[in-house]
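Bear in mind that the values in this text are calculations on the coordinates, not laboratory data. The structure displayed is predicted, hence computed values, not measured ones. With ideal geometry, Cβ positions are generated from the backbone for all residues, glycine too; neighbour counts draw on all protein chains shown.
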């Protein structure tokens, strides 16, 4: 798990706009760790995590494309049923809000066939601490005063 800079670009929702941005980034030798495209009527929002933030902003500046940047958390999600749910539960248990999340193109280095989730949270430092507890991002912290769901 680590943090990264994400860029958000609002584009007119027309054929070729996304392709033009991606072509310019490629020409500028900017690779993407993750990408999400969301439609909102006549405009769309493209969020992406570049491998080289400075180079990506330079490309966008040359294209006269406005952008916003944000710090996001990159979390390795193992390829196991409920793995992302467990991450969300750990964040929720510590009153951390997830503004949005999306996944990477390929697995993180230690994800063992999983993916790298991009998570925008309201408190990045606290989220890192919560998910780093016990050195395991997918283990659930025991809730005080809670009983198991099934008892015999």
Relative contact order computed over region 2-70 (Cα-Cα under 8 Å; 6+ residues apart), in percent: 45 percent
FRET efficiency for residue 27 and residue 128, using Cβ-Cβ distance with R0 set to 35 Å, rounded to 0.05: 0.55
Whether region 1-52 is rounded, prolate or oblate, judged on the alpha carbon gyration tensor where a/c under 1.5 counts as rounded: oblate
Stretch gain in nm, segment residue 63-residue 14, where the contour uses 0.36 nm per residue and the Cα spacing is subtracted: 16.0 nm
Region 1-98 - Rg and Dmax from Cα coordinates, angstrom: 15.6, 43
Full-stretch length increase - residue 37, residue 54 - with 0.36 nm per residue and alpha-carbon distance subtracted: 4.0 nm
For region 34-84: rounded, prolate or oblate by the Cα gyration tensor [a/c cutoff 1.5]: oblate
